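Here, each number is a calculation from the coordinates, and none is a lab measurement. Predicted, not measured: the structure shown is a model, and the values here were computed from it. Reconstructed Cβ throughout: ideal geometry from the backbone, glycine too, with neighbour counts over all protein chains shown.
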């Protein structure tokens with residue numbers, strides 16, 4: 001079978017670029033040890049409902065205007081669905097999932113995390129503006145994904 005010279009050049013170029021991109025991905029994944037961020041904790045996703053503090057998700061006061069909020073993202077809801085936070089408080093959010101990958105995004109804040117089963121992700125934010133903030137799942141998690149939302153009330 002005869003392959004034209006220019007076609008052979010472009011096929012060689014295409015295969016070469018594919019190998020270059022594959023090499024970059026492999027180097028990033030293995031040589032650079034790409035893992036979830038180092039501050040993430042692990043959890044057994046089959047035991048989230050019985051693992052403290054996720055067996056009772058909600059807000060916990062640390063004193064001095066600091067709080068910890070524990071969330072569980074599961075098909076197709078956040079627990080707790082509504083959270084009330086005092087104005088001016090600094091909240092560290094800890095989120096995990098027992099089932100599939102979810103997103104955790106609080107609108108109009110810098111809180112935006114991927115929630116991966118088996119991992120506990122965290123983010124901290126200080127709420128200086130009163131109001132109701134929308135909490136949404138921004139990772140497609142199934143057929144009812146659009147119904148997965150909650151709210152955070154700052155007063």
Relative contact order for the chain: what percent, with Cα pairs under 8 Å and sequence separation of 6 or more? 21 percent
So, by mean Cβ neighbours within 10 angstrom, what's the order for 92-100, 141-149 with the highest one leading? 92-100, 141-149
When the helix-only estimate is applied to the chain (DSSP H runs of n ≥ 4, each -39,500 (n - 2.57), divided by the residue count), what is the mean residue ellipticity at 222 nm, nearest 500 deg cm²/dmol? -5000 deg cm²/dmol
Checked against the structure, the computed P(r) over Cα pairs in 10 Å bins from 0, in percent among (i) 9, 20, 15, 13, 11, 9, 8, 6, 4, 3, 1, 0, 0; (ii) 12, 42, 35, 10, 1, 0; (iii) 10, 32, 25, 13, 9, 7, 3, 1 is the one labelled (iii)
